[in-house]
Amino acid sequence: MSKLEVPTNLNVEFGAYVHFAYYIGKYLMQHCEDETCVDNKLVDWYLDRFSNLLGHMQASSSKLKLLYGNLVNNMIRDECVLVVAETPEGRMLKKHPSFFVWAWRSQAKSHEINILSP
């Protein structure tokens, strides 16, 4: 099986990362038992829920999934989420206790407005 590489010209702005982290944190708090969920499910949910914000990227769904999967790694390094277990379905992530999701709300909403405004 070949490994899909993320092209170097496929990246996200900081505002897009904040948007992703904010909504992943919010999803963990509101929809997941013990604020814990498999990373692949989180990425799939985000890409489905916010597909209207991603159209400008002109990338296939598999590349977007890989790119946003890499953003999960950033969230781990930035201590937004913790890996609590490895499962066959993927890594089980839990919101880091020191990640104050609501502090990123205005920046995430601002990103949405910037993308959706002509």
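Taken together, the values in this text are just the output of simple stated rules run on the coordinates, not laboratory data. What you see is a predicted model, and the numbers here were worked out from it, not measured in a lab. Note: ideal-geometry Cβ built from the backbone for every residue, glycine included; neighbour counts use all protein chains shown.
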Within the stretch 20-75, can you find the residues that are outside any helix (DSSP H, G or I) and free of Cβ contacts under 8 Å to residues at least 12 places away in the same chain? Cys32, Gln58, Ser60
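Residues checked against (1) touching a Phe, Trp or Tyr at 6+ places or on another chain (Cβ under 9 Å); (2) surrounded by 12 or more Cβ atoms within 10 Å (Cβ to Cβ):
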residue	(1), (2)
Glu35	no, yes
Asn40	no, yes
Arg49	yes, no
Leu67	no, yes
Asn70	no, yes
Asp78	yes, yes
Arg105	yes, yes
Lys109	yes, yes
Residues of the stretch 53-91 that turn out to be farther than 24 Å from Ile115 by Cα and over 14 Å from the mean Cα position of the chain (by Cα), as a count: 8
